[in-house]
Amino acid sequence: MTGSESCIISLRGITKYYNGEAVLRGINLDIHDKEFITLLGPSGCGKTTTLRIIGGFVTPDEGDVYFNGKRVNDVPPYKRPVNTVFQKYALFPHLNVYDNIAFGPRLRKMPESEISRRVKEMLELVNLRGFERRSVNLLSGGQQQRVAIARALINDPKVLLLDEPLGALDLKLRKDMQVELKRIQQQMSITFIYVTHDQEEALSMSDTVVVMDMGEIQQIGTPEEIYNEPVNAFVADFIGESNILDGIMVDDLDVVMFGRHFKCLDKGFAKNEPVDVVVRPEDIDIVSVEEGMLSGVVTNVTFKGLHYEIIIDIEGFKWMVQTTDYWPVAAVVGIKIDPDAIHVMKKSKYSGAFGDYSSFSDEHEKLSEPDAKPEQPPAEEEIVD
Amino acid sequence: MKTMIRIYTVLVYVFLYLPIAVMILFSFNSINSTGVFGGFSLRWYRELFRDSETLNALKNSIIMAVLSSLIATVVGTAAAVGIDKMRSRWLKSVTLTVTNIPMVNPEIVTGVSMMLLFVFASRLVRISGVLGFWTLLIAHVTFNLPYVILSVLPKLRQIDPHLQEAAQDLGCPPLKSFFLAVFPTIVPGVLTGAIMAFTLSLDDFVISYFTNGPEFQTLPIRIFSMTKKRVTPDIYSLSTMLFAAILLLLIIINVLQAQSEKQQSKKKYY
Ligand SMILES: Nc1ncnc2c1ncn2[C@@H]1O[C@H](COP(=O)(O)OP(=O)(O)OP(=O)(O)O)[C@@H](O)[C@H]1O
Ligand SMILES: [Mg+2]
């Protein structure tokens, strides 16, 4: 097998073991030119390892890495046409901003006059005009971030690797930098391979999202595909909020849940195949009991600013519904689900691992526990004293 | 209470420095006496510099200090980098303990055991009279190593572990990456280690006594052999010069450390 010629980077059957444990299992991934692709997954799923394999810092135990169709497994990092923005920036502390950015070009023996021009260009690109002589140790986190990006981009890489580049920044700065990174990617028209465990960040910035878990790719797709058509319960649960139900696909376009038939748009399943069904909380309408397809009792209401998050107990299954209408706790209501709001998935090893929101109120209590502590009786030692 | 503490402090320093002060004073004595100060003169310094054997010992000491500290710095820095990269915590702490033991080991034990090793090894290869320049150099490098390692390691711990990778990422081969990205940031530690090694080598007596040979004497050994004959004030002047040299080196080490600490705290604030 070789990488597809049209892809700038291809991973084929990549497996990596650490201490006898597989942290990547047969990763296959094609990355196209000028694409903003994001590796998304929970902590420890192997995102950084995948990125380091592309950068050349980790050698896969099995499988091959192709750049433009050429196998590069044995090419060391300093000969690969990619550059990395490291998680904690890894700026050279003994060099100022200018010398940090000029590091790459100087190695390639670019004339100093041209370096000076290029550094200026890069500083402008990352909005740090006039910062040449500053010490990198005295910059804020956001500014260091920008220097790290400039230091990588001055080498004209075809591909930029970014490992949770915004992880250390506060929320406001994060949002600004997300917009800016996207602008830089489009302005330079190069490929970004971006690592994050923040699903919102992934959805809002990427052309393609790669959802990973336990060293395996779960799904590759556009943000819309990932959100609207998750392939299994893990993806549905990890991306956004979702009600995941057991169903039986009795026929094309007809799924049975709670013993009732629901119209849906999915087909191609075997007759009477057991399936997982996803219904997003914002796609559910709360109506009167008579109008509802199912009915239950409101058990919890949380105001979220834009909407209310309402938990409804329907025959023991706790649904989450997001709506702008207010419904009081203990109200008996019906819910309505349109066919296009229902998404049917094949059963997977994740089936049953995620489900309803019955743990919702427990989670809530756990969160408020620290506040309750002062009211508890003093610990035994304190009394003895 | 305050005055008590003050008096106590003064007493401590008097005890610490009085002998040295007296020695320095008598090194400038104009007469040959240990009890009476007959006026200021450089007579004993002049005498010292006329003594070819002493001058030779001075030269030997400097050669030994320069060579052994250079070798120890190179080897020790490389060792520190290796220790820093160790993944297993267990292996790391074992290595560090093994590194530390020679520092707390009584010098006389180190000296005797090294002499034994050298003599034993020379018997094996049937060479006699090995003790001399080379054995002394090996001994000095050996006891200097832990000090270099322990002054470089903390610097390595402070830096971003990805610095070398960052340089490689920008197109730099691995070894060059170390010298361009990592080494400049640990220079203060390397320098401190080098000067410390130089100082230790310059003032070592016990270990040198057991591992040197008759044809290569260092200053401390020369001073010791002079005292065996007759204590004359030129010994004081020699000791004074040794003291001054080592004091200077210690000051340099302290200044270096204070400077890198200042840099470190600057980083934290921003
Ligand atoms: N050098 C290493 N030696 C041993 N185990 C490692 C090494 N690097 C990573 N691992 C392990 O491999 C697994 C995947 O690590 P990786 O850093 O790729 O995860 P990640 O998805 O980037 O997670 P995070 O979001 O926490 O950064 C983890 O269980 C980690 O402990
Ligand atoms: Mg990571």
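One table, with the values for the structure above:
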{"quantity": "Estimated distance in nm for a label pair at residue B:113 and residue A:61, the labels positioned 7 Å out from Cα along Cα-to-Cβ", "calculated": "4.0"}
{"quantity": "Prolate/oblate/rounded call for the stretch A:7-228, Cα gyration tensor, a/c under 1.5 rounded", "calculated": "prolate"}
{"quantity": "Sites matching GluC sites (Glu not before Pro) across the stretch A:222-305 that sit in DSSP coil, with at most 15 neighbouring C-beta atoms within 10 Å", "calculated": "A:241, A:290, A:291"}
{"quantity": "Cβ neighbours within 10 Å from other chains - mean over B:171-180", "calculated": "4"}
{"quantity": "For the stretch A:10-26, Karplus couplings with θ = phi - 60° (6.51, -1.76, 1.60), whole Hz, Gly/Pro x", "calculated": "10, 10, 10, x, 6, 10, 9, 10, 10, 6, x, 10, 6, 9, 10, 10, x"}
{"quantity": "Karplus 3J(HN,Hα) series, Hz, for the stretch A:190-207 with 6.51 cos²θ - 1.76 cosθ + 1.60 (x for Gly, Pro)", "calculated": "10, 8, 10, 10, 10, 10, 7, 10, 9, 5, 5, 4, 4, 5, 7, 9, 8, 7"}
{"quantity": "Karplus-derived HN-Hα couplings along the stretch B:253-261 (A = 6.51, B = -1.76, C = 1.60, θ = phi - 60°), whole Hz, x at Gly and Pro", "calculated": "4, 5, 4, 4, 5, 4, 5, 6, 5"}
{"quantity": "Distance in nm between pseudo-label sites at residue B:62 and residue B:7 (7 Å out along the Cβ direction from Cα)", "calculated": "4.8"}
{"quantity": "Ranked packing of A:151-160, B:26-35, most packed first, by mean Cβ within 10 Å", "calculated": "A:151-160, B:26-35"}
{"quantity": "For the stretch A:114-175 versus the stretch B:115-152, the gap between their alpha-carbon centres in whole angstrom", "calculated": "52"}
{"quantity": "Rounded D (µm²/s) - the stretch B:52-269, Kirkwood Rh over Cα pairs, Stokes-Einstein at 37 °C, 0.692 mPa s", "calculated": "171"}
{"quantity": "Mean Cβ count within 10 Å, highest first, over the residues of peptides A:336-344, A:73-81", "calculated": "A:336-344, A:73-81"}
{"quantity": "Whole-number percent relative contact order across chain A, with pairs defined as alpha carbons under 8 Å at least 6 apart", "calculated": "14"}
{"quantity": "Helix A:171-188 vs. chain A, principal-axis angle (Cα, 0 to 90°, nearest 10)", "calculated": "60"}
{"quantity": "Dipole in debye (nearest 20) - the stretch A:143-250, about Cα centre, beta carbon charges: Lys, Arg +1; Asp, Glu -1", "calculated": "720"}
{"quantity": "Whole-Å distance, taken between Cα centres, linking the stretch B:39-79 and the stretch A:189-246", "calculated": "70"}
{"quantity": "Distance from the stretch B:6-34 to the stretch A:40-94 (C-alpha centre basis), Å", "calculated": "65"}
{"quantity": "Residues of chain A: accessible area per residue with a 1.4 Å probe, Å²", "calculated": "48"}
{"quantity": "Rg(Cα) / (2.2 N^0.38 Å) computed for the stretch B:1-41, rounded to two decimals", "calculated": "1.61"}
{"quantity": "Amide H within-cut-off set for residue A:293, under 5 Å, with H built and near neighbours excluded", "calculated": "A:335, A:336, A:337"}
{"quantity": "Value of relative contact order over chain B, rounded to a whole percent, pairs C-alpha under 8 Å and six or more apart", "calculated": "29"}
{"quantity": "Approximate shape of the protein assembly as shown as ellipsoid semi-axes (Cα gyration tensor, √5λ), whole Å, largest first", "calculated": "71, 31, 25"}
{"quantity": "Kirkwood hydrodynamic radius over Cα pairs of chain A, then Stokes diffusion coefficient at 37 °C and 0.692 mPa s, in µm²/s", "calculated": "137"}
{"quantity": "Hull volume in cubic angstrom per residue (convex hull over the Cα atoms of the stretch A:237-366)", "calculated": "111"}
{"quantity": "With Cα atoms, 0 to 90° folded angle of helix A:141-153 axis to chain A main axis", "calculated": "60"}
{"quantity": "Acute angle (nearest 10 degrees) that the helix B:219-229 long axis makes with the longest principal axis of chain B, alpha-carbon atoms", "calculated": "20"}
{"quantity": "Per-residue average of Cβ from other chains inside 10 Å of A:81-87", "calculated": "3"}
{"quantity": "Kirkwood Rh in Å, taken over all unlike Cα pairs in the stretch A:74-152", "calculated": "12.9"}
{"quantity": "Relative contact order, percent, the stretch A:242-367 [alpha-carbon distance under 8 Å, six or more residues apart]", "calculated": "29"}
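The values are calculated or read from the model by the stated rules, or taken from the named source; none is laboratory data. Because the structure is a prediction, the values reported are computed rather than measured. All Cβ positions, even for glycine, are placed from backbone atoms using ideal geometry, and neighbour counts span all protein chains on display. Areas reflect the complete protein model, heavy atoms only, side chains present, ligands, DNA and RNA absent. Shrake-Rupley method; radii C 1.70, N 1.55, O 1.52, S 1.80 Å.
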